[in-house]
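Report on the following structure.
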Amino acid sequence: MSISSSSAAAAPTPAPSARLLPGAPVADQILADVESRAAALRARGITPSLATILVGDDDASAGYIRIKQRQAASLGFASPHRHLPATATQDDLHAVIDEFNEDRDVHALLIQYPIPQHLDYDAALMRVDPDKDVDGMHPLNLGRLAAGIPGPLPCTPAGIEALLAHHGIPVSGREVVILGRGATLGRPLAMLLAQKRPTANAAVTVVHTGVPDWSRYTRRADILIAAVGVPGIIQPEHVKPGAVVVGGGVRYEGRRLLPDVDESCAAVAGAITPRVGGVGPTTVAMLFRNAIEAAERRFT
Ligand SMILES: NC(=O)c1ccc[n+]([C@@H]2O[C@H](COP(=O)([O-])OP(=O)(O)OC[C@H]3O[C@@H](n4cnc5c(N)ncnc54)[C@H](OP(=O)(O)O)[C@@H]3O)[C@@H](O)[C@H]2O)c1
(Lines give C-alpha, C1' and ligand atoms only; values in the text may rest on other atoms or scores of the structure.)
Protein backbone atom coordinates (compact mmCIF):
# COMPACT_ATOMS: atom_id res chain seq x y z
CA MET A 1 0.00 0.00 0.00
CA SER A 2 1.37 3.37 -0.92
CA ILE A 3 0.98 6.46 1.26
CA SER A 4 -0.79 9.14 -0.73
CA SER A 5 1.29 12.26 -1.24
CA SER A 6 -1.77 14.41 -0.40
CA SER A 7 -2.12 12.90 3.12
CA ALA A 8 1.62 13.39 3.74
CA ALA A 9 1.33 17.05 2.69
CA ALA A 10 -1.67 17.53 4.99
CA ALA A 11 0.51 17.29 8.12
CA PRO A 12 2.87 20.29 7.90
CA THR A 13 5.80 20.38 10.29
CA PRO A 14 5.34 23.37 12.62
CA ALA A 15 8.09 25.99 12.26
CA PRO A 16 10.44 25.87 15.25
CA SER A 17 9.69 28.76 17.52
CA ALA A 18 12.21 30.66 19.60
CA ARG A 19 11.89 31.09 23.34
CA LEU A 20 10.52 34.57 24.09
CA LEU A 21 12.46 37.07 26.23
CA PRO A 22 9.85 39.45 27.65
CA GLY A 23 10.94 42.67 29.34
CA ALA A 24 8.12 42.90 31.90
CA PRO A 25 9.52 40.44 34.49
CA VAL A 26 12.92 42.15 34.23
CA ALA A 27 11.34 45.56 34.74
CA ASP A 28 9.22 44.27 37.66
CA GLN A 29 12.31 43.00 39.44
CA ILE A 30 14.24 46.26 38.91
CA LEU A 31 11.27 48.39 39.99
CA ALA A 32 10.69 46.29 43.12
CA ASP A 33 14.30 46.98 44.06
CA VAL A 34 13.86 50.71 43.33
CA GLU A 35 10.70 50.80 45.45
CA SER A 36 12.40 49.26 48.48
CA ARG A 37 15.39 51.62 48.12
CA ALA A 38 12.97 54.57 47.88
CA ALA A 39 11.24 53.36 51.06
CA ALA A 40 14.63 53.13 52.81
CA LEU A 41 15.38 56.75 51.87
CA ARG A 42 11.95 57.92 53.00
CA ALA A 43 12.53 56.18 56.35
CA ARG A 44 15.51 58.55 56.70
CA GLY A 45 13.26 61.55 55.93
CA ILE A 46 14.42 61.85 52.29
CA THR A 47 11.86 61.72 49.49
CA PRO A 48 13.55 60.73 46.22
CA SER A 49 12.59 63.14 43.48
CA LEU A 50 12.51 62.82 39.70
CA ALA A 51 11.69 66.14 38.00
CA THR A 52 10.31 66.25 34.47
CA ILE A 53 10.24 68.96 31.81
CA LEU A 54 7.86 68.92 28.83
CA VAL A 55 8.12 71.50 26.06
CA GLY A 56 5.19 71.92 23.68
CA ASP A 57 1.85 70.17 23.26
CA ASP A 58 2.67 66.84 21.66
CA ASP A 59 0.00 64.40 22.89
CA ALA A 60 2.28 61.35 22.86
CA SER A 61 4.98 63.16 24.88
CA ALA A 62 2.40 64.42 27.39
CA GLY A 63 1.17 60.82 27.69
CA TYR A 64 4.69 59.49 28.35
CA ILE A 65 5.16 62.11 31.05
CA ARG A 66 1.87 61.12 32.73
CA ILE A 67 2.93 57.44 32.70
CA LYS A 68 6.29 58.32 34.29
CA GLN A 69 4.61 60.51 36.92
CA ARG A 70 2.16 57.75 37.85
CA GLN A 71 5.03 55.30 38.06
CA ALA A 72 7.06 57.78 40.15
CA ALA A 73 4.16 58.15 42.60
CA SER A 74 3.69 54.38 42.87
CA LEU A 75 7.40 53.95 43.69
CA GLY A 76 7.33 56.67 46.35
CA PHE A 77 9.05 59.42 44.38
CA ALA A 78 8.13 63.09 44.24
CA SER A 79 7.84 64.24 40.61
CA PRO A 80 7.85 68.02 40.24
CA HIS A 81 6.96 68.97 36.68
CA ARG A 82 7.32 72.02 34.43
CA HIS A 83 5.43 72.38 31.17
CA LEU A 84 6.79 75.03 28.80
CA PRO A 85 4.82 76.26 25.78
CA ALA A 86 5.83 75.23 22.24
CA THR A 87 7.02 78.84 21.76
CA ALA A 88 9.57 78.57 24.61
CA THR A 89 13.08 79.79 23.79
CA GLN A 90 16.33 77.95 24.49
CA ASP A 91 16.91 80.43 27.33
CA ASP A 92 13.47 79.60 28.81
CA LEU A 93 14.35 75.90 28.74
CA HIS A 94 17.80 76.48 30.24
CA ALA A 95 16.27 78.60 33.02
CA VAL A 96 14.02 75.70 34.08
CA ILE A 97 16.92 73.23 33.87
CA ASP A 98 19.03 75.56 36.02
CA GLU A 99 16.21 75.80 38.55
CA PHE A 100 15.99 72.00 38.88
CA ASN A 101 19.80 71.67 38.87
CA GLU A 102 20.01 74.03 41.85
CA ASP A 103 17.07 72.56 43.77
CA ARG A 104 18.62 70.28 46.40
CA ASP A 105 15.33 68.42 46.80
CA VAL A 106 15.43 67.33 43.12
CA HIS A 107 17.77 64.37 42.62
CA ALA A 108 17.13 63.45 38.99
CA LEU A 109 15.92 65.31 35.92
CA LEU A 110 14.27 64.22 32.69
CA ILE A 111 13.67 66.38 29.60
CA GLN A 112 11.00 64.62 27.56
CA TYR A 113 12.26 63.96 24.02
CA PRO A 114 11.56 65.19 21.37
CA ILE A 115 11.43 68.91 21.99
CA PRO A 116 10.21 71.45 19.37
CA GLN A 117 12.50 71.68 16.36
CA HIS A 118 13.62 75.25 16.95
CA LEU A 119 15.25 74.11 20.22
CA ASP A 120 18.61 72.37 20.59
CA TYR A 121 18.18 69.15 22.61
CA ASP A 122 21.91 68.47 22.87
CA ALA A 123 22.53 71.95 24.31
CA ALA A 124 19.75 71.36 26.85
CA LEU A 125 21.22 67.96 27.79
CA MET A 126 24.65 69.56 28.28
CA ARG A 127 23.01 72.01 30.70
CA VAL A 128 21.70 69.23 32.98
CA ASP A 129 23.76 68.54 36.10
CA PRO A 130 25.46 65.22 35.08
CA ASP A 131 24.70 63.75 38.52
CA LYS A 132 20.97 64.36 37.89
CA ASP A 133 21.07 63.01 34.32
CA VAL A 134 18.45 60.27 34.53
CA ASP A 135 18.91 59.19 30.87
CA GLY A 136 22.64 58.60 31.35
CA MET A 137 23.21 60.45 28.07
CA HIS A 138 25.12 63.52 29.25
CA PRO A 139 28.56 63.48 27.58
CA LEU A 140 30.22 63.33 30.99
CA ASN A 141 28.28 60.16 31.79
CA LEU A 142 29.08 58.62 28.40
CA GLY A 143 32.72 59.44 29.23
CA ARG A 144 32.33 57.71 32.61
CA LEU A 145 30.95 54.66 30.78
CA ALA A 146 33.90 54.68 28.38
CA ALA A 147 36.34 54.98 31.29
CA GLY A 148 34.56 52.39 33.45
CA ILE A 149 33.75 54.95 36.16
CA PRO A 150 30.40 54.38 37.95
CA GLY A 151 27.64 56.80 36.97
CA PRO A 152 24.19 56.91 35.40
CA LEU A 153 24.08 54.42 32.50
CA PRO A 154 22.17 54.97 29.25
CA CYS A 155 18.80 53.36 29.97
CA THR A 156 18.20 51.19 26.90
CA PRO A 157 21.69 49.63 26.78
CA ALA A 158 21.55 48.97 30.55
CA GLY A 159 18.06 47.50 30.08
CA ILE A 160 19.32 45.11 27.39
CA GLU A 161 22.16 43.89 29.62
CA ALA A 162 19.65 43.34 32.44
CA LEU A 163 17.25 41.54 30.09
CA LEU A 164 19.93 39.07 28.96
CA ALA A 165 21.07 38.48 32.54
CA HIS A 166 17.53 38.01 33.85
CA HIS A 167 16.72 35.37 31.22
CA GLY A 168 19.94 33.50 31.95
CA ILE A 169 21.51 34.22 28.55
CA PRO A 170 25.29 33.90 28.92
CA VAL A 171 27.09 36.91 27.44
CA SER A 172 30.63 36.55 28.77
CA GLY A 173 33.01 35.27 26.13
CA ARG A 174 30.33 35.09 23.44
CA GLU A 175 30.15 36.85 20.09
CA VAL A 176 27.75 39.80 20.22
CA VAL A 177 27.01 41.69 17.01
CA ILE A 178 25.19 45.01 17.20
CA LEU A 179 23.67 46.45 14.03
CA GLY A 180 23.71 50.25 14.48
CA ARG A 181 26.20 52.62 16.09
CA GLY A 182 23.80 55.39 17.15
CA ALA A 183 24.60 57.50 20.20
CA THR A 184 21.47 56.35 22.06
CA LEU A 185 21.77 52.65 21.62
CA GLY A 186 24.42 50.87 19.54
CA ARG A 187 27.50 52.80 20.61
CA PRO A 188 26.92 52.85 24.40
CA LEU A 189 25.66 49.24 24.31
CA ALA A 190 28.92 48.13 22.68
CA MET A 191 30.90 49.83 25.46
CA LEU A 192 28.69 48.29 28.13
CA LEU A 193 28.75 44.69 26.88
CA ALA A 194 32.53 44.76 26.37
CA GLN A 195 33.15 45.72 30.01
CA LYS A 196 34.84 43.24 32.33
CA ARG A 197 31.80 42.11 34.34
CA PRO A 198 30.08 38.71 34.56
CA THR A 199 26.94 39.93 32.73
CA ALA A 200 29.01 41.53 29.96
CA ASN A 201 32.59 40.59 28.99
CA ALA A 202 31.61 39.78 25.38
CA ALA A 203 33.46 39.90 22.05
CA VAL A 204 31.48 42.81 20.59
CA THR A 205 31.33 43.81 16.92
CA VAL A 206 29.40 46.87 15.73
CA VAL A 207 28.21 47.07 12.10
CA HIS A 208 26.44 49.90 10.27
CA THR A 209 25.96 51.46 6.82
CA GLY A 210 29.74 51.60 6.41
CA VAL A 211 29.73 47.78 6.32
CA PRO A 212 27.48 46.93 3.35
CA ASP A 213 27.93 43.17 3.87
CA TRP A 214 26.97 43.42 7.54
CA SER A 215 25.04 40.14 7.36
CA ARG A 216 28.43 38.37 7.14
CA TYR A 217 28.89 39.48 10.78
CA THR A 218 25.31 39.09 12.03
CA ARG A 219 25.17 35.50 10.74
CA ARG A 220 27.98 34.47 13.06
CA ALA A 221 26.59 36.25 16.15
CA ASP A 222 25.67 34.23 19.24
CA ILE A 223 23.71 37.31 20.30
CA LEU A 224 22.43 39.69 17.61
CA ILE A 225 21.14 43.08 18.71
CA ALA A 226 19.25 45.33 16.30
CA ALA A 227 19.76 49.04 17.07
CA VAL A 228 18.79 50.66 13.79
CA GLY A 229 15.25 52.01 13.45
CA VAL A 230 14.61 50.46 10.01
CA PRO A 231 11.52 48.23 10.22
CA GLY A 232 12.17 44.60 9.31
CA ILE A 233 15.86 45.11 8.54
CA ILE A 234 16.67 41.84 10.34
CA GLN A 235 15.32 38.86 8.41
CA PRO A 236 15.81 35.13 9.12
CA GLU A 237 18.71 34.89 6.67
CA HIS A 238 20.68 37.37 8.82
CA VAL A 239 20.44 35.17 11.92
CA LYS A 240 22.57 32.18 12.93
CA PRO A 241 20.29 29.24 13.76
CA GLY A 242 19.77 29.09 17.52
CA ALA A 243 21.13 32.61 18.14
CA VAL A 244 19.66 35.06 20.64
CA VAL A 245 18.02 38.02 18.87
CA VAL A 246 17.26 41.28 20.69
CA GLY A 247 15.19 43.95 18.97
CA GLY A 248 16.17 47.37 20.29
CA GLY A 249 15.43 49.53 17.25
CA VAL A 250 11.89 50.61 16.49
CA ARG A 251 10.15 53.18 14.34
CA TYR A 252 6.76 54.65 15.15
CA GLU A 253 4.21 55.39 12.46
CA GLY A 254 1.64 57.26 14.46
CA ARG A 255 1.06 54.93 17.41
CA ARG A 256 2.05 51.84 15.41
CA LEU A 257 5.35 50.33 16.48
CA LEU A 258 7.49 48.90 13.67
CA PRO A 259 10.43 46.85 14.99
CA ASP A 260 13.79 46.24 13.31
CA VAL A 261 13.45 42.48 13.76
CA ASP A 262 10.98 40.72 11.47
CA GLU A 263 8.75 38.32 13.38
CA SER A 264 9.75 35.49 11.03
CA CYS A 265 13.20 35.46 12.73
CA ALA A 266 11.55 33.49 15.57
CA ALA A 267 11.68 30.44 13.28
CA VAL A 268 15.49 30.56 13.20
CA ALA A 269 16.49 32.12 16.54
CA GLY A 270 16.88 30.14 19.77
CA ALA A 271 15.54 33.05 21.83
CA ILE A 272 14.07 36.39 20.78
CA THR A 273 12.50 39.48 22.32
CA PRO A 274 8.78 39.77 21.60
CA ARG A 275 7.58 42.28 19.00
CA VAL A 276 6.07 44.42 21.79
CA GLY A 277 7.14 44.35 25.45
CA GLY A 278 10.77 43.35 24.98
CA VAL A 279 13.38 46.06 25.49
CA GLY A 280 10.90 48.93 26.10
CA PRO A 281 9.83 48.06 29.68
CA THR A 282 13.46 47.58 30.75
CA THR A 283 14.33 51.09 29.49
CA VAL A 284 11.70 52.68 31.73
CA ALA A 285 12.82 50.59 34.71
CA MET A 286 16.43 51.71 34.21
CA LEU A 287 15.31 55.33 34.24
CA PHE A 288 14.00 54.81 37.78
CA ARG A 289 17.13 52.89 38.76
CA ASN A 290 19.20 55.89 37.65
CA ALA A 291 16.86 58.17 39.60
CA ILE A 292 17.12 56.21 42.86
CA GLU A 293 20.90 55.98 42.49
CA ALA A 294 21.07 59.75 41.96
CA ALA A 295 19.09 60.26 45.18
CA GLU A 296 21.26 57.78 47.12
CA ARG A 297 24.48 59.41 45.85
CA ARG A 298 23.40 62.74 47.36
CA PHE A 299 23.17 61.23 50.85
CA THR A 300 26.16 58.91 51.04
N1 LIG B 1 13.30 50.34 22.81
C2 LIG B 1 13.67 51.49 23.39
O3 LIG B 1 13.29 51.79 24.51
C4 LIG B 1 14.57 52.42 22.63
C5 LIG B 1 15.27 53.44 23.28
C6 LIG B 1 16.17 54.21 22.56
C7 LIG B 1 16.30 54.02 21.18
N8 LIG B 1 15.54 53.06 20.59
C9 LIG B 1 15.59 52.83 19.14
O10 LIG B 1 16.87 52.34 18.81
C11 LIG B 1 17.16 52.69 17.47
C12 LIG B 1 18.54 53.29 17.41
O13 LIG B 1 18.56 54.52 18.10
P14 LIG B 1 19.76 55.54 17.91
O15 LIG B 1 19.36 56.82 18.52
O16 LIG B 1 21.00 54.88 18.34
O17 LIG B 1 19.65 55.68 16.29
P18 LIG B 1 20.56 56.39 15.22
O19 LIG B 1 21.46 57.37 15.86
O20 LIG B 1 19.63 56.82 14.15
O21 LIG B 1 21.46 55.18 14.68
C22 LIG B 1 20.97 54.23 13.79
C23 LIG B 1 22.12 53.34 13.35
O24 LIG B 1 21.62 52.39 12.43
C25 LIG B 1 22.48 52.34 11.30
N26 LIG B 1 21.72 52.06 10.09
C27 LIG B 1 20.67 52.74 9.58
N28 LIG B 1 20.25 52.16 8.44
C29 LIG B 1 21.04 51.10 8.23
C30 LIG B 1 21.13 50.13 7.22
N31 LIG B 1 20.26 50.12 6.21
N32 LIG B 1 22.09 49.19 7.30
C33 LIG B 1 22.95 49.16 8.33
N34 LIG B 1 22.93 50.07 9.34
C35 LIG B 1 21.99 51.02 9.28
C36 LIG B 1 23.10 53.72 11.19
O37 LIG B 1 24.31 53.59 10.51
P38 LIG B 1 25.29 54.87 10.22
O39 LIG B 1 25.88 55.22 11.55
O40 LIG B 1 26.28 54.32 9.29
O41 LIG B 1 24.41 55.93 9.67
C42 LIG B 1 23.26 54.08 12.67
O43 LIG B 1 24.49 53.61 13.17
C44 LIG B 1 16.02 53.63 17.02
O45 LIG B 1 15.07 52.87 16.33
C46 LIG B 1 15.41 54.06 18.32
O47 LIG B 1 14.03 54.37 18.18
C48 LIG B 1 14.69 52.25 21.27
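The values are calculated or read from the model by the stated rules, or taken from the named source; none is laboratory data. This one's a predicted model, so the numbers in the text were calculated from it and none came from an experiment. Positions of Cβ are generated from backbone atoms using ideal geometry, with glycine treated the same way; all protein chains shown enter the neighbour counts. Quick note on the areas: whole protein, heavy atoms, side chains included, nothing else; ligands and nucleic acids left out. Shrake-Rupley method; radii C 1.70, N 1.55, O 1.52, S 1.80 Å.
Just the accessible area per residue of the stretch 33-118, please: how many Å² with a 1.4 Å probe? Working shown, then result.
On the way: 4340 Å² over 86 residues.
It amounts to 50 Å² per residue over the stretch 33-118.
How are the C-alpha pair distances of the stretch 149-300 spread across 5 Å bins, as whole percents from the shortest bin up?
2, 10, 19, 23, 21, 13, 7, 3, 1, 1, 0
Around Pro236, under 13 Å between beta carbons, what's the net of Lys plus Arg minus Asp minus Glu among the other residues? Before the final figure, lay out each step's value.
Working: positive: Arg219, Lys240; negative: Glu237, Asp262, Glu263.
Within the 13 Å Cβ shell, the charges total -1.
So, R0 is 25 Å and r is the distance between the beta-carbons of Ala146 and Asp33; what FRET efficiency does that work out to, to 0.05?
Given R0 = 25 Å and the Cβ-Cβ separation, E is 0.45.
Could you tell me whether the chain comes out rounded, prolate or oblate from its Cα gyration tensor? Rule is a ≥ b ≥ c as square roots of the eigenvalues, rounded for a/c under 1.5, then prolate if a/b exceeds b/c, otherwise oblate.
Details: a/c = 1.98, a/b = 1.88, b/c = 1.05.
Prolate is the answer for the chain, as a/c is 1.5 or above and a/b outweighs b/c.
How much accessible area per residue does the stretch 187-300 have, in Å², with a 1.4 Å probe? Intermediate values should be presented prior to the final figure.
Numbers: 5110 Å² over 114 residues.
I get 45 Å² per residue for the stretch 187-300.
Which of the three applies to the stretch 93-188, rounded, prolate or oblate, going by the alpha-carbon gyration tensor with a ≥ b ≥ c and a/c under 1.5 meaning rounded?
Details: a/c = 2.49, a/b = 1.86, b/c = 1.34.
It is prolate, given that a/c is not under 1.5 and a/b is the larger ratio.
Report the local net charge at Phe100: Lys and Arg +1, Asp and Glu -1, summed over other residues whose C-beta lies under 9 Å from its C-beta.
Values: positive: Arg82, Lys132; negative: Asp98, Glu99, Glu102, Asp103, Asp129.
Residues close to Phe100 contribute a combined charge of -3.
Are there trypsin sites (Lys or Arg not before Pro) in the stretch 25-69 that DSSP puts in a loop and that have at most 14 other Cβ atoms within 10 Å, and which ones?
Details: sites: Arg37, Arg42, Arg44, Arg66, Lys68; in loops: Arg44.
Listed in order of number, the matching sites are Arg44.
Which of the trypsin sites (Lys or Arg not before Pro) across the stretch 187-247 are loop residues per DSSP, with 11 or fewer other Cβ within 10 Å? Please list the in-between numbers first.
On the way: sites: Lys196, Arg216, Arg219, Arg220; in loops: Lys196, Arg219, Arg220.
Sparse-neighbourhood loop trypsin sites (Lys or Arg not before Pro): Lys196.
So if R0 is 22 Å, what FRET efficiency would Ala165 and Tyr121 give, r being the distance between their Cβ atoms, rounded to the nearest 0.05? Walk me through the numbers before you get to the answer.
On the way: r = 31 Å, r/R0 = 1.40.
Efficiency, rounded to the nearest 0.05: 0.10.
By its C-alpha gyration tensor, with a ≥ b ≥ c as the square roots of the eigenvalues, how is the stretch 168-212 shaped: rounded for a/c under 1.5, else prolate for a/b larger than b/c, else oblate?
Numbers: a/c = 2.66, a/b = 1.79, b/c = 1.48.
Judged from the Cα gyration tensor, the stretch 168-212 comes out prolate (a/c at least 1.5, a/b above b/c).
For a quick check: with amide H placed at 1.01 Å from N, whose amide H comes under 5 Å from Gln195's, ignoring anything fewer than 5 positions away on the same chain?
Amide H neighbours of Gln195, under 5 Å, 5+ apart: Asn201, Ala202.
Would you mind telling me the share, in percent, of accessible area of the stretch 60-108 contributed by carbon and sulfur at probe 1.4 angstrom? Can you show the working numbers first?
Numbers: 1320 of 2530 Å².
Taking all protein chains in place, the stretch 60-108 shows 52 percent carbon and sulfur surface.
Just flag the trypsin sites (Lys or Arg not before Pro) in the stretch 251-300 sitting in loop per DSSP whose Cβ has no more than 12 other Cβ atoms within 10 Å. All intermediate terms of the calculation are to be shown ahead of the outcome.
Working: sites: Arg251, Arg255, Arg256, Arg275, Arg289, Arg297, Arg298; in loops: Arg255, Arg275.
Taking the stretch 251-300 and a limit of 12 other Cβ atoms within 10 Å, the loop trypsin sites (Lys or Arg not before Pro) found are Arg255.
Treating only the Cβ atoms of Lys and Arg (+1) and Asp and Glu (-1) as charged, compute the dipole magnitude of the stretch 36-180 about its Cα centre; round to the nearest 20 debye. Intermediate values should be presented prior to the final figure.
Details: 12 positive and 18 negative charges, 165 e Å.
The dipole of the stretch 36-180 has a size of about 800 debye.
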